[in-house]
1. Could you work out the local net charge near Arg267, counting Lys and Arg as +1, Asp and Glu as -1, over the other residues with Cβ closer than 13 Å to its Cβ?
2. Would you compute, from DSSP H runs of 4+ residues alone, the mean residue ellipticity of the chain at 222 nm, taking -39500 (n - 2.57) per run and dividing by the full residue count, rounded to the nearest 500?
3. If I take R0 = 22 Å and measure r between the Cβ atoms of Glu166 and Ala145 in this structure, what FRET efficiency does the formula 1/(1 + (r/R0)^6) give, to the nearest 0.05?
4. With r as the distance between the Cβ atoms of Asp285 and Glu261 and R0 = 41 Å, compute the FRET efficiency 1/(1 + (r/R0)^6) and round to 0.05.
5. By a straight-distance test (C-alpha under 17 Å), which aspartates and glutamates pair with Lys241 as possible cross-link partners, with residues fewer than eight away in the same chain excluded?
6. Using a simple spin-label model with points 7 Å from Cα along the Cα→Cβ vector, what separation in nm is obtained for Lys52 and Thr177?
7. How about segment 157-209: which chymotrypsin sites (Phe, Trp or Tyr not before Pro) there are in a DSSP loop, with at most 13 other Cβ atoms within 10 Å of their Cβ?
8. Check cross-link reach from Lys162 to the aspartates and glutamates: straight Cα distance under 13 Å, and skip same-chain residues fewer than eight apart.
Amino acid sequence: MSIFIGLEEIVESDYPLAKHTWYRLGGLADYFIRPKTVEQLKDVVRRCRDNKVRYGVIGAGSNLLVSDEGVRAAVIKLETEQFTQVSFDAGMATLVAGAGVDLRELVRTCAQKGLSGLEALTGIPGSVGGAVRMNAGGRFGDIGAAVEAVRLMDADGNVFEKGKPELIFDYRTTNITAQFILEARMRLTPAEPDQILRTIKEVWIYKENNQPPLNTRNSGCVFKNPRGVSAGVLIDRAGLKGLRIGGAVVSEKHANFIVAEKDCTSRDIIRLIEAIRQRVKEQFDIDLELELEIWR
Ligand code: EPU
């Protein structure tokens, strides 16, 4: 702990990461840190670098698997007040949301305020920072379509903005290289709340019919769709729905989801991922790329 002297209030040691991931799996992080201000975040990063401690930022943990052994690193979560603010400029139909804002809450609030543009993100668990980082979305659209600019912090503690057209969003990726997204500015369109809610309902019903429910332990799609094909279709056609290793099972509802059942370990999921990759490679000669992030 000595490297974080004076920051005891925001630093915890040997911290179980499982409760911060949707899989509820994984071991300990050496440090778990919740900075209260950008200045504190800078201080934390500087100390990690000076002491050669690996560090990373965690969002809502909805697209993340932590290994059973945990990570020898400092894991930073931007969830304190300063990082969870949303401010609206109704006249301009824009908003600024902190990195730690809950995506589903943001979708709901926008609907209530009559601001359209985030409906496509209905039912996607995540933080604004995480969603922007990987351009979260699906067949109805992605977050990048609404984001106008982001405020970032690099590893040297420099805070700066990056806006369109320099800022580019692509399929499940962006050209943001700075380590920390602090906030995102989004441009929306005024619309009737009832109309927005109707769209939200449509997206919700689609997901309910086509994906395992949010109360099962899963991380959304495990693999990215290869160009022009659905990874789910490939895994399904390979006959892998229901395939189980330990407590990890390929969902019967959508083959690109791996559900963690009782006594599942991260190792079970990693082994199932390898098995799926191998079978899809053998059958279709396609290398599936992970969408899920794995921390070891
Ligand atoms: N399908 C099958 N078998 C399956 C799964 C799907 O035959 O096991 C068929 C469906 O019936 C449908 C087609 O494949 O005709 C496409 O399925 P879906 O609409 O679910 O689209 P997807 O390409 O598999 C993408 C995103 C999802 C997102 C959905 C809906 C990726 C890798 N997946 O899935 O995103 O929810 O569209 O918008 O981009 C995620 O990123 O975590 C995620 C779940």
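1. On the way: positive: Arg271, Arg296; negative: Asp68, Glu69, Asp263, Asp268, Glu274.
That sum, taken over residues with Cβ under 13 Å, equals -3.
2. Calculated mean residue ellipticity at 222 nm is -7500 deg cm²/dmol.
3. That gives a FRET efficiency of 0.85.
4. Once the sixth-power term is evaluated, E becomes 0.85.
5. Glu252, Glu261, Asp268, Glu274, Glu282
6. 2.5
7. Hits after loop and neighbour filter: Tyr171.
8. Glu148, Asp154, Glu183
Values quoted throughout were computed directly from the atomic coordinates according to the rules given, and no laboratory measurement underlies them. Every value quoted in this text rests on a predicted model; they were computed, and no experiment measured them. Here the Cβ is made from the backbone with ideal geometry for all residues, glycine too, and neighbour counts use every protein chain on show.
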